[in-house]
Amino acid sequence: MTGLEFLINIAANGIANLITESVWNGESQFLKKLGKTPDEKTQLSIAAASQQYAQNYAERHGVLKVLGMREPVNLESVYTAVQFLDKQDARRFESLETLEQLYRQDRSRGFQPRDGVKREGLRVANQKQYLMILGGPGAGKSTFLRKMGLEALKGVQGDYEHPCIPVFIELKGFTAHEVNIERAIIEEFRICGLPHPEESTTSLLGQGRLLILLDGLDEVPAKNVSGTIGQIQDFVDRHDKNRYIASCRAAAYRHNFRRFTDVVMAYFDNIQIKQFIYNWFHSEEDRRVGTAQKCWEILQKPENAAAKELAHTPLLLTLLCLVYDRSQNFPNNRSVLYRKALRVFLEEWASEKRILRDEIYQGLSIELEEILLAELAYKGFEIDQLFFSKREVVRQIKDFLESNLNAPRHLNGEAILNAIAVQQGILVERAQDVFSFSHLTIQEYLSAQHITDFAQVEQLVADHLTEKRWHEVFLLVAGLMRGGADQLLLRMEKAAQQTLNDPQLQGLLQWAELVTDGSEGHFKPAAKRAIALFLALTCDYTLDLACVLNPNLTPALTLARTLTRSERSAFVRKFVRDPLVARTSARAFNRAFVQEFEKIKVLKDVNFTTLIARLEAMRVRTPDPRQPPEVHQAFDARISQIWFHALQINRALVPLSDAQLQALETHLNLNLLIVRCKQAAVRVSPKVWEGIEERMLRLSSE
């Protein structure tokens, strides 16, 4: 028996018992005339109808099929428990300035406050008789309602604690002014063949035996919203023994339902993201090859921080899983992924939900709207602004429409903003009249789109190359330049060269080239030079660059990085408190560390056997921690001398000052960004890239 069949059988028995108990033992005078208990024929009809009702619910609401999925998946197999924020917690900020300040302090890419009190969704649903679920598009509101219905169907074997028959009602189905919920419930029972559906519905409502799930208040046509709200509240008041869970997009919720407790869907945290991925890749083959673990590990990489930000929204996490399932990786050209995410919000999700675009959209095409949003995103990002006042957004929309000859003149800026926030969720109201983009990733992508549309690449490099917050935009611009990213890469290379104008740092580059040129290792010269700099300075950024240039170096260099960090930490704990002293000495007594670099043969004329022997000889002479600092300093100087002699490096080139280390780190990071932009680009000239790579970590000829 499959899981679905098992659920249907359990549910059928529970539904039949509730109907018999509530209807025939209730207050229905009509049904009492038929007898104190249903006759055998009626009992069989109730059993069959209950079976059909459970099957209808499971087939219609127990599966998930979104974003063009070829096959539906069982909702319960991928469902991840959700959490709620109290509505007052989600809206507690009062000003744009406060939001900006708190975002900077948090230092994360997410907009949701971390200190909000979260509560388990199922527990809240069990506690509250009347519950309103608020959230943005794709936050999982409908999925939660469907899941609660499945739990109610399971009866005592489910996690919903109240014996109820779930009725799932999509409010978008009420296109007329009259919203007759009772008639909709009757129709659900009539479809499955329940005897006397009108009288049965009346009895079940009177006995409080229904869990009524009202999905998508925001999907009711705007002209019908006020009437719909009034009729729902009237229905709830008349049938107040039942339990209710309703859902609405937060941006559309302008009316408080009197009896309802309002809660907001919390973004997925790391635990939920990981659980969802493991639920998604749960097949026997996926478990055998570890698909979920690999997907999670790739998403954890620093270079995928922006993609992971999307994963906090369940719908976009579903998109990420679908993308990963096709290629077992995420695309290097991340602009493809983010464009898909943007299109999910702009049109695809609304299409799947069958939401009609409001009349204010007439004449405003998706393409024109995207240009408008890109301009808003770029102008904000240019001045490091993530939150916008409503007045400012409306003004920019108005200016955009007035400055575009082909834009419709009849549209209202405030109406457009409200529609974008409610129907698409690309802009989100974070506090009263304060908006931001739904994800920082979306603002970055739209900013990159604006830069490529208006040919502002030269200005981008000149103004923002050394600003880390712009690096994601650089990667996206590279992916959007369909004609080729050569000029972007060359401008970046020229600007990166200008960051290394210190004579001592230039001397280090000359040494790195000299000690690696012509060595045996079959690796790119730039990667060899990066490794040489690592051995001289134990600077992790050099290993990052080497691994990106030569991925087959990754295992050896990852081990070296791990050994260095553990050894450095142990050395500092035992001998010194000054991390600068530990920078060189920490690697001194780690034989495995030295042997790893002997294997890859990136340095020429370095006798690693002699180096190991000399370091081992020094081990026994390690000073006691209680000895004076000058003794340790002398010992450290001797260790450094052994290393520098082996590496054939002029002692005057090291150590570096903090400012020099910062300059070198900046230079290495910019070269790393250049490599990643090349990887993200659609098209790069082999000749151009060969020249850039050949010049990397070398002194400029100019």
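The values are calculated or read from the model by the stated rules, or taken from the named source; none is laboratory data. Source: prediction; values computed, not measured. Cβ placement follows ideal geometry from the backbone for every residue including glycine, while neighbour counts extend to all protein chains displayed. Note: areas computed on protein heavy atoms with side chains; ligands, DNA, RNA excluded. Shrake-Rupley method; radii C 1.70, N 1.55, O 1.52, S 1.80 Å.
Applying the criterion of being open to solvent by less than 30 Å² (accessible area, probe 1.4 Å) and out of contact with any helix residue (DSSP H, G or I) (no Cβ under 6 Å at 6 or more places or on another chain) to the residues of region 150-169, the residue that is nearest to residue 242 (Cα to Cα) is 152.
Somewhere in region 491-507, is a residue more than 30 Å from residue 386 (Cβ to Cβ), hydrophobic (A, V, I, L, M, F, W, C) and crowded, with 23+ Cβ neighbours inside 10 Å? The answer is no; no qualifying residue exists.
Listed by first and then second residue, the pairs with beta-carbon distance under 8 Å, at least 6 apart or on different chains, first residue in region 601-620 and modelled with pLDDT of 85 or more and basic (Lys, Arg), second assigned to a loop (DSSP other than H, G, I, E, B) and loosely packed, with under 11 Cβ neighbours inside 10 Å, are 601/520; 604/518; 604/520. The residue that is surrounded by the most Cβ atoms within 10 Å (Cβ to Cβ), among those in region 371-423 that are of a type in the set (Val, Ile, Thr) and over 19 Å from residue 342 (Cβ atoms), is 394. Are any residues in region 288-311 open to solvent by 40 Å² or more (accessible area, probe 1.4 Å) and either within 20 Å of residue 64 (Cβ to Cβ) or touching a residue at least 24 places away in the same chain (Cβ under 8 Å) (or both), and if so, which ones? Selection gives 294, 303, 305. Each residue in region 215-245 was checked for being in contact (Cβ under 8 Å) with a residue 60 or more places away in the chain and either assigned to a strand (DSSP E or B) or over 36 Å from the mean Cα position of the chain (by Cα) (or both), and 6 of them qualify.
Open to solvent by 20 Å² or more (accessible area, probe 1.4 Å), in contact with a helix residue (DSSP H, G or I) (Cβ under 8 Å, 6 or more places away or on another chain), farther than 24 Å from residue 500 by Cβ and not β-branched (Val, Ile, Thr), is that true of residue 638?
Values: open to solvent by 20 Å² or more (accessible area, probe 1.4 Å): yes; in contact with a helix residue (DSSP H, G or I) (Cβ under 8 Å, 6 or more places away or on another chain): yes; farther than 24 Å from residue 500 by Cβ: yes; not β-branched (Val, Ile, Thr): yes.
Answer is yes for this residue.
Every condition in (1) under 35 Å from the mean Cα position of the chain (by Cα); (2) within 27 Å of residue 137 (Cα to Cα); (3) not in a helix (DSSP H, G or I) holds for residue 161 except the one numbered (2).
Can you find a residue that is part of a helix (DSSP H, G or I), in contact with a His (Cβ under 8 Å, 6 or more places away or on another chain) and farther than 15 Å from residue 326 by Cα anywhere in region 284-292?
Of all residues in region 284-292, those part of a helix (DSSP H, G or I) come to 284-289, 291-292.
Subsequent filtering for residues that are in contact with a His (Cβ under 8 Å, 6 or more places away or on another chain) retains 292.
Retained after the next criterion (residues that are farther than 15 Å from residue 326 by Cα): none.
So far as region 284-292 goes, no, none of its residues is part of a helix (DSSP H, G or I), in contact with a His (Cβ under 8 Å, 6 or more places away or on another chain) and farther than 15 Å from residue 326 by Cα.
Could we say that residue 541 is open to solvent by less than 30 Å² (accessible area, probe 1.4 Å) and among the aromatic types (Phe, Trp, Tyr) here? For residue 541, the condition - open to solvent by less than 30 Å² (accessible area, probe 1.4 Å) and among the aromatic types (Phe, Trp, Tyr) - is not met. Of the residues in region 102-116, none is modelled with pLDDT of 80 or more, of a type outside the set (Gly, Ala, Ser) and open to solvent by 50 Å² or more (accessible area, probe 1.4 Å). Taking (1) at pLDDT 95 or above; (2) over 28 Å from residue 84 (Cα atoms); (3) touching a helix residue (DSSP H, G or I) at 6+ places or on another chain (Cβ under 6 Å) in turn, residue 331 satisfies each apart from (1).
Take the conditions over 48 Å from the mean Cα position of the chain (by Cα), of a type in the set (A, V, I, L, M, F, W, C) and exposed (fewer than 13 other Cβ atoms within 10 Å of the Cβ) and apply them to residue 659. Does it pass? It is false that residue 659 is over 48 Å from the mean Cα position of the chain (by Cα), of a type in the set (A, V, I, L, M, F, W, C) and exposed (fewer than 13 other Cβ atoms within 10 Å of the Cβ). As an exercise: evaluate residue 232 against (1) under 23 Å from residue 126 (Cβ atoms); (2) among the aliphatic types (A, V, I, L, M); (3) open to solvent by 30 Å² or more (accessible area, probe 1.4 Å) and give the number of the one condition it does not meet. The number of the failed condition is (3).
Whether any residue in region 674-684 is touching a Gly at 6+ places or on another chain (Cβ under 7 Å), in contact (Cβ under 8 Å) with a residue 12 or more places away in the chain and loosely packed, with under 14 Cβ neighbours inside 10 Å is what I want to check. Scanning region 674-684, I find at least one residue that is touching a Gly at 6+ places or on another chain (Cβ under 7 Å), in contact (Cβ under 8 Å) with a residue 12 or more places away in the chain and loosely packed, with under 14 Cβ neighbours inside 10 Å, so the answer is yes. Against the numbered list (1) assigned to a helix (DSSP H, G or I); (2) buried (at least 16 other Cβ atoms within 10 Å of the Cβ); (3) modelled with pLDDT of 80 or more, residue 134 comes up short only at (1).
Filtering region 485-501 to residues that are farther than 21 Å from residue 456 by Cα and touching a helix residue (DSSP H, G or I) at 6+ places or on another chain (Cβ under 6 Å) leaves 499, 500.
The residues on offer are 469, 482, and the sole one that is in contact (Cβ under 8 Å) with a residue 60 or more places away in the chain, of a type outside the set (A, V, I, L, M, F, W, C), closer than 23 Å to residue 104 by Cα and open to solvent by 40 Å² or more (accessible area, probe 1.4 Å) is 469.
Is it the case that some residue within region 452-461 is in contact (Cβ under 8 Å) with a residue 40 or more places away in the chain, surrounded by fewer than 23 Cβ atoms within 10 Å (Cβ to Cβ) and within 29 Å of residue 390 (Cβ to Cβ)? Scanning region 452-461 turns up at least one residue that is in contact (Cβ under 8 Å) with a residue 40 or more places away in the chain, surrounded by fewer than 23 Cβ atoms within 10 Å (Cβ to Cβ) and within 29 Å of residue 390 (Cβ to Cβ).
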